[in-house]
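The values are calculated or read from the model by the stated rules, or taken from the named source; none is laboratory data. All values derive from a computational prediction rather than experimental measurement. Reconstructed Cβ throughout: ideal geometry from the backbone, glycine too, with neighbour counts over all protein chains shown.
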Amino acid sequence: MVFVLSYLQAPLQALLRPALWLGCLFGSLHSHKERWDTPGTPEENVRQLAAVVKEAEEHDPHRNTLDIHVADSTSGFVRIFAFTKAEWLDVVEVKFRDNYGEAYSFSSGVLPVWFPFSFLVNCVLFWVPFLDMKLNQKRLELLYTHMKKHSQLNSDNI
C-alpha cells in the first residue's frame, strides 16, 4: 500500500524528472529504453497494456506497486507510476505506434516520494548519481512478457 503523500507528490516528480536532468552523464544508471514488437493498432495495445498491469504487479518479484497514471488510446500513450517498496518513484512511459511500441522506464529522483516536498528536494539533489540495480529494465521486461502472453491468449481464443 502506497502512502497518500506519495500519490500526491508523484505527478509533480514525474513531470519534473530531476534524476534525468544530467542524463548525458547519469541517465543510463537509472533508466532503460526498449522497442516492443506489438502487432495491432496503438488503441488495441494501450488497452492490452492497461489490462495486464495488475497481473504484472502480482508477479513482480520486487513487489512494486504499479499505478496507471495515463492511458490515452487516441494518442497511443501510457504512463505508469511504479512505487518501489521504499516508495521511490519510477515512471514507465510507452508510446505505441502501428506494430511497435517505444518503452522507457526511469527513476525520477534520489529521494522517495513519501518524503515531504521530495519533488523540490530532488530538484536540488539532481546531480547525485545513483543506480537502479536494473529494476527499470526488469520492469519493462515484466510488462512486455505479460503483454505478449495476454496477446497470445487472446489470439488463441479467436
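Annotations
- Residues in the stretch 122-132 that are touching a residue at least 12 places away in the same chain (Cβ under 8 Å), under 16 Å from LEU16 (Cα atoms) and surrounded by fewer than 23 Cβ atoms within 10 Å (Cβ to Cβ): CYS123, LEU125, PHE126, TRP127, VAL128.
- Under the condition of being surrounded by 18 or more Cβ atoms within 10 Å (Cβ to Cβ) and touching a residue at least 40 places away in the same chain (Cβ under 8 Å), the residues counted in the stretch 45-59 number 7.
- Residue in the stretch 62-72 that is in contact with an Asp or Glu (Cβ under 9 Å, 6 or more places away or on another chain) and loosely packed, with under 13 Cβ neighbours inside 10 Å present: yes
- Pairing residues of the stretch 3-30 that are over 11 Å from PRO129 (Cα atoms) with residues that are crowded, with 20+ Cβ neighbours inside 10 Å and aliphatic (A, V, I, L, M), at Cβ distances under 6 Å and at least 6 apart in sequence or on separate chains, gives SER6/VAL113; GLN9/VAL113; ALA10/LEU89; ALA10/VAL113; GLN13/LEU89; GLN13/VAL113; ALA14/VAL91.
- Picking from residues in the stretch 3-21 that are modelled with pLDDT under 95 and in contact with a strand residue (DSSP E or B) (Cβ under 8 Å, 6 or more places away or on another chain), the one that is farthest from VAL110 (Cα to Cα) is LEU20.
- Single residue of the stretch 91-114 satisfying the filter (of a type outside the set (Lys, Arg) and without any contact (Cβ under 8 Å) to a residue 60 or more places away in the chain) that is farthest from THR38 (Cα to Cα): LEU111
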